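Below is one structure, written out as structure tokens; the observations come after it.
The values are calculated or read from the model by the stated rules, or taken from the named source; none is laboratory data. Values in this document were obtained by computation on a predicted structure and should not be read as measured data. FYI the Cβ positions are ideal-geometry reconstructions off the backbone, even for glycines, and counts take in every protein chain you see. What goes into the accessible areas is simple: the full protein's heavy atoms, side chains included, and nothing from ligands, DNA or RNA. Shrake-Rupley method; radii C 1.70, N 1.55, O 1.52, S 1.80 Å.
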Amino acid sequence: MAVLPPLVTVAELAALLGRTFTPAQEQQAQALLDQASSVVRAYVRQDLTRATTTDTFTMRRADRARHPHGGLVTLPQRPVVDITAVEVAGVPTDNWWQEGQDLLLGHWGWDVPPAAHRPPQVVVTYTHGFDPVPGDIAAIVAQAANRALVNPGQVRSETVGGESVTYLIPATGEALGVLLSRTEQRVLDRYRRTSGTVRLRGA
């Protein structure tokens with residue numbers, strides 16, 4: 001499985017904070033951005049960054065009232081930018097239509113083998129994701145990484161050089177680090193995939 005890039009770069013974080021990182025701080029910031037990006041991706045169940053992948057899905061019957069076609073596949077990564085190749089049961093086909101996240105396939109004999117015994121497998125090569133990453137997603141990743149950078153011990157307050165420093169803690173009292181606050185989750189909810197097609201394997 002390919003390693004996904006962070007949703008915010010170290011240079012972007014430094015510019016946002018108006019700071020110049022030392023080499024050690026750059027290394028720490030990179031690790032925190034990687035962690036924060038993974039947390040965001042896990043929450044929304046999306047890769048988010050622009051990429052082209054080839055995945056295999058199980059065809060489902062289309063709703064004949066809405067789509068007079070043989071079957072459909074729901075592509076899990078959003079947004080779908082382009083579909084470059086489709087194979088049904090190992091046979092390339094151009095008899096398909098795209099409607100949002102759904103790939104609608106031409107007439108298929110569901111009542112005869114092999115579809116009578118099990119749904120056909122559909123291999124799809126498609127480009128998906130954002131370029132650039134939306135600003136609200138980038139802001140949350142940067143904010144989460146900075147939280148852990150500024151307050152790695154996740155303390156509420158501490159005394160430094162005789163001065164008391166109090167850190168911003170969510171109203172729920174959670175010590176978050178790179179984890180998401182409830183407010184951040186609500187912002188990300190519009191990108192979140194709540195249901196979709198199960199991917200069998202990828203290339």
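Kindly identify segment 1-77 as rounded, prolate or oblate by the Cα gyration tensor criterion: order the square roots of the eigenvalues as a ≥ b ≥ c, call it rounded if a/c is under 1.5, otherwise compare a/b with b/c, prolate if a/b is larger, else oblate. Note, shape of segment 1-77 comes out prolate. Peptides 25-36, 41-52 ordered by packing proxy, namely the average of other Cβ atoms within 10 Å per residue, highest first: 25-36, 41-52.
Rolling a 1.4 Å probe over the protein heavy atoms of segment 24-86, with every protein chain left in place, gives an accessible area that is 47 percent carbon and sulfur.
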